[in-house]
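What follows is a short report on a single structure.
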Ligand code: ADP
Ligand code: MG
């Protein structure tokens, strides 16, 4: 692989659900260590974009190169690549019948052949990092929303992903729990974890993004560094969007 190859390169990505054009030709690149935010009105295709990246949705057309490999190639073992793309959802998606520790160790043990001992050691290290080591044997229903989302983030990290995809990770949280989740995400961003974050938290985007993409109607209408994005928006739709959300 060429050293200049971005971690993810998306070319003319399209997704059509029956009668709905959710993605209308999205082209962009994500470099290693980059923190990219995706914002835009509801229904603009943000979730579909994230879900197509790891082929949770099958794109209708276009290409997704991950580490230079075209994930749209029928011969590609998508599960192998998917393990390198951690995903954090709005509704946490923890396994309700498993303890926090088990939630974190099951994938590394089953999919990556990590020993129980090593998986648990890594999980405890990560839980300690987010202040939840004492909840290792609790079940998800015993945790607050903010705690659950912190677990979901470190559960994704247990797989040692090359990129983390966040789909509105704080949208389902009570306001007082948003800060603790953004704090964890902010730390990862400062450590140059490659991240793609869909969010409505504009202040946070401005603070930690390297680049922000504005989506509307299944297109990226503008992409820029935060200062330029917020202070000098060019696209009329973006101007209208910013005037409503800020
Ligand atoms: P956003 O995350 O920006 O709110 P989505 O990616 O969820 O937008 O949706 C983009 C468009 O695709 C919307 O019109 C939505 O209704 C449609 N859509 C998303 N998922 C499905 C699906 N599984 N079936 C049919 N239409 C869908
Ligand atoms: Mg969405």
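Taken together, the residues in segment 52-81 that are crowded, with 19+ Cβ neighbours inside 10 Å, at pLDDT 95 or above and either part of a helix (DSSP H, G or I) or within 16 Å of ligand 2 (Cβ to nearest atom) (or both) amount to 2. Put simply, of 221, 238 the only residue that is within 16 Å of ligand 1 (Cβ to nearest atom), surrounded by 18 or more Cβ atoms within 10 Å (Cβ to Cβ), assigned to a helix (DSSP H, G or I) and modelled with pLDDT of 95 or more is 238.
Listed by position, the strands (runs of 3 or more DSSP E) inside segment 1-46 whose residues that are surrounded by fewer than 19 Cβ atoms within 10 Å (Cβ to Cβ) and touching a residue at least 60 places away in the same chain (Cβ under 8 Å) number at least 3 are 20-30.
Matching residues to (1) part of a helix (DSSP H, G or I); (2) modelled with pLDDT under 95; (3) surrounded by 21 or more Cβ atoms within 10 Å (Cβ to Cβ); (4) within 16 Å of ligand 1 (Cβ to nearest atom):
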residue: 118; (1), (2), (3), (4): yes, no, no, no
residue: 148; (1), (2), (3), (4): yes, no, yes, no
residue: 161; (1), (2), (3), (4): no, no, no, no
residue: 177; (1), (2), (3), (4): yes, no, no, no
residue: 185; (1), (2), (3), (4): yes, no, yes, no
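The residues listed here are 124, 109, 87; of these, the one that is within 16 Å of ligand 2 (Cβ to nearest atom), at pLDDT 95 or above, outside any loop (DSSP other than H, G, I, E, B) and surrounded by 15 or more Cβ atoms within 10 Å (Cβ to Cβ) is 87.
Within segment 207-218, which residues are buried (at least 17 other Cβ atoms within 10 Å of the Cβ), more than 16 Å from ligand 1 (Cβ to nearest atom) and not in a loop (DSSP other than H, G, I, E, B)? Hits for segment 207-218 are 208, 211.
The values are calculated or read from the model by the stated rules, or taken from the named source; none is laboratory data. As the structure is a prediction and not an experimental result, all values here were calculated from the model. In this analysis, Cβ positions are derived from the backbone assuming ideal geometry, glycine residues included, and neighbour counts consider all displayed protein chains.
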